Amino acid sequence: MSGESAGPLGAPAILILGQGSLATATRIRDAFSAATIHGLAGRVEGADRSFDGFGEHLRDLYRADVPLVVLCAAGIVIRALSALLADKRAEPPVIAVAEDGSAVVPLLGGLRGANALARRIATALGTTAAITTTGEVRFGLTLEDLPEGYALRDKAAGKRFMSDLLAGATLQIDGDAPWIDRSKLALAQDAALRLVVTPEDRDAAANELIVHPRVVVVALADPEADIPTGLRAAGLSPLAVAFVLAPNGAAVATDLPLRFAADVEAALRDAVPDPMRPVVRQGGVAVALARSPDQVHPAGKPRGSLRVVGLGPGDASLLAPAARAALSRAQDILGYGPYLKQGGPYLADQRVHESDNREELDRARHAFRLAAEGRDVAVVSSGDPGVFAMAAAVMEALDGAEEPAWHGVRLQVVPGISAAMGAAALAGAPLGHDFALISLSDNLKPWDIIARRLDAAGAADLVVALYNPISQARPTQFDEAIAILRRHRRPETVVLLGHNVGRAGERLTVTTLGALKPEQVDMRTVVIVGSSQTRTIARAGDTPWVYTPRSYPKG
Ligand code: SAH
């Protein structure tokens with residue numbers, strides 16, 4: 001089961017530093033369907049992938065939210081990850097394993113299945129995992145991280161229950177959950193605490209913890225039918241819903257997992273072949289109840305998702321955790337080659353589709369086609385995807401699209417730090433007052449519109465951030481743009497050039513509008529031209545700070 005902010009986890013990566021670990025690593029890999037062995041280049045032959053720097057590779061995978069199994073001393077793993085440990089939410093499971101397979105130690109990711117992963121590895125190696133989490137040690141489970149197929153009605157109550165049980169309370173169980181039978185919880189018929197496993201939508205009494213098994217399947221004959229009303233009629237909790245079946249291509253407003261079928265009634269019968277009670281029907285909604293989560297079959301095809309992900313200016317530390325999670329869960333990742341590289345590394349079972357930077361609309365359509373097949377798709381953009389980038393191309397592809405299935409895709413835009421914000425932060429606060437972002441690219445708009453906007457922004461005394469400032473195809477336009485701004489601003493006006501912000505070769509230049517030369521600028525530069533108020537402060541051993549005060553001088 002996943003944490004609240006991070007997405008579901010992919011298959012583990014098994015890292016080894018020497019040939020002597022390959023046999024153990026192979027036994028671990030064989031216990032998982034898509035695990036891969038990563039071997040240190042020059043030391044290991046026969047791994048699925050090789051890497052050069054251990055620490056760097058480990059940190060890249062950790063940031064990519066990949067479960068990690070590392071065959072070396074626990075101390076080495078801890079030191080390599082120490083700088084990244086502050087953010088507990090983005091913590092994948094990390095397991096250290098002795099080279100000979102004699103010890104399996106879950107180090108991190110306790111709330112995201114590290115103990116279960118360690119147990120599975122230990123079983124494959126014929127040993128016992130060194131579990132240190134109190135609840136897990138005592139009871140063999142935690143109520144804060146339930147197995148697949150079960151949901152806690154109230155997370156805070158789960159925590160409370162766990163501490164009461166650790167303090168010695170006993171528990172009675174009402175309902176079925178095989179994982180409870182396998183645990184070492186202290187059960188007693190007359191116990192004060194009750195764990196109730198039920199799909200029913202009812203509030204817990206003071207001494208009760210309600211766990212909802214995902215045993216409910218909802219079929220919509222009418223895509224506009226009201227799901228909550230249907231569930232209420234059946235008396236079942238939305239948390240117990242395994243999925244909702246909708247007609248192919250239907251646009252359904254729900255956060256519940258959706259699956260699509262040509263014939264939803266037939267799919268409902270396939271999904272729950274042996275219902276516990278008669279199907280409840282209410283206003284276009286049919287609700288079936290299975291006996292247990294493993295009696296629910298994935299009928300129909302899944303709802304695909306399309307996330308347009310902003311990678312930030314370059315450095316992985318400036319990538320939002322939500323973007324990280326979207327990348328790690330994606331089955332297909334589309335983008336321009338250098339951006340794809342920036343968002344990696346990817347797992348062996350993730351499909352990466354590289355395309356030319358100019359084919360944005362084609363790329364957006366390709367992404368919709370994959371998502372409409374039910375795949376989990378990410379399209380990457382540098383910076384923010386909504387600033388001169390893929391989010392608008394994706395909206396254009398959707399706007400007026402003939403294919404109804406495209407409208408059924410779960411679509412999300414994950415923001416990123418735009419180049420101007422990245423450059424501004426390095427320099428101080430040049431965007432501290434009103435500003436305009438203008439792209440000088442005339443691929444998609446005529447030059448006279450650009451010229452008019454520059455003139456208007458100049459006249460309005462806005463700070464102006466110029467994107468796509470220059471290219472070989474239009475060598476003279478940067479000069480023209482600057483000439484327009486010079487009509488409104490004095491030659492001493494502060495200009496900031498952010499080159500390769502957040503990337504290798506990062507360079508910040510502070511100059512003036514009078515001194516600015518086109519040779520100083522290329523397509524990897526964002527240019528920020530100050531307003532009449534923008535000023536500098538000398539900074540020891542560096543370019544001066546640049547800032548635009550929040551207010552205008554009075555008078
Ligand atoms: N979506 C991107 C912008 C894409 S347009 C964003 O929000 O940043 C491409 C232009 O953005 C480049 O020509 C350059 O002007 C600017 N740019 C993008 N990344 C940059 C970086 N890391 N450093 C400097 N400029 C960058």
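List of remarks:
- Solvent accessible area, Å² - Ile95, 1.4 Å probe, full protein context: 0
- When Rg and the Kirkwood Rh are both derived from Cα coordinates, the Rg/Rh ratio for the range 92-246 amounts to 1.06.
- 3J(HN,Hα) from dihedral phi, the range 409-424, Karplus parametrisation 6.51/-1.76/1.60, rounded to Hz, x for glycine, proline: 5, 6, 10, 8, 10, 9, x, x, 7, 6, 3, 5, 5, x, 5, 4
- Net charge over other residues, Cβ less than 10 angstrom from the Cβ of Ala316 (K, R count +1; D, E count -1): +1
- For the chain: relative contact order, % (alpha-carbon pairs under 8 angstrom, 6 or more apart): 9
- Annotation: amide H of Leu334 within the under-5 Å range of His353, Ala378, Val379, Val380, sequence separation 5 or more or interchain, hydrogens built in the peptide plane.
- Among 48-61, 10-23, the peptide with the highest mean count of other Cβ atoms within 10 Å heads the list, and the full ranking is 10-23, 48-61.
- Three semi-axes of the equivalent ellipsoid, the range 411-555, Cα gyration tensor, whole Å, largest first: 22, 19, 16
- Inter-label distance, nm, simple model (7 Å from Cα along the C-beta direction), Asp255/Asp203: 2.0
- Debye equation applied to the C-alpha atoms of the range 150-213, log10 I(q)/I(0) at 0.16, 0.20, 0.21 Å⁻¹: -0.46, -0.75, -0.84
- Entry comment: accessible area of the chain is 46 Å² per residue, from protein heavy atoms only and a probe of 1.4 Å.
- Solvent-accessible area of Thr543 with every protein chain in place, 1.4 Å probe, in Å² to the nearest 10: 30
- Measuring with a 1.4 angstrom probe and ignoring ligands and nucleic acids, Ser317 comes out at about 90 Å² accessible.
- Taking other residues whose beta carbon is less than 13 angstrom from the beta carbon of Thr229, and scoring Lys, Arg as +1 and Asp, Glu as -1, yields -2.
- Over the range 150-213, relative contact order from alpha-carbon pairs under 8 Å, at least 6 apart, %: 39
- Fraction of accessible area attributable to carbon and sulfur, the chain (%, probe 1.4 Å): 51
- Translational diffusion of the range 305-417, µm² s⁻¹ [Kirkwood Rh, Cα pairs; Stokes-Einstein; 20 °C; 1.002 mPa s]: 159
- Quotient of C-alpha Rg and 2.2 N^0.38 Å, computed over the range 216-302: 0.93
- Three-way shape call for the range 381-459 based on the alpha-carbon gyration tensor, with the a/c threshold at 1.5: oblate
- Semi-axes of the equivalent ellipsoid for the chain, computed as √(5λ) from the eigenvalues of its C-alpha gyration tensor and ordered from largest down, come to 49, 31, 23 Å.
- Computed 3J(HN,Hα) for the range 127-140, one whole-Hz value per residue from the Karplus formula 6.51 cos²θ - 1.76 cosθ + 1.60 where θ = phi - 60°, is 9, 10, 6, 8, 7, 10, 5, 3, x, 5, 5, 6, 10, x, glycine and proline marked x.
- Each residue of the range 187-197 was assigned a 3J(HN,Hα) from its phi angle through the Karplus expression (A = 6.51, B = -1.76, C = 1.60, θ = phi - 60°), giving 8, 8, 4, 9, 4, 6, 8, 10, 9, 10, 9 Hz with x at Gly and Pro.
The values are calculated or read from the model by the stated rules, or taken from the named source; none is laboratory data. Remember, predicted model here, so these are calculated numbers, not experimental data. Because the Cβ atoms are built from the backbone with ideal geometry, glycine has one as well, and the counts that use them run over all protein chains shown. Ligands, DNA and RNA are stripped out before the accessible areas are found, and what is left, the full protein with its side chains, is counted by its heavy atoms. Shrake-Rupley method; radii C 1.70, N 1.55, O 1.52, S 1.80 Å.
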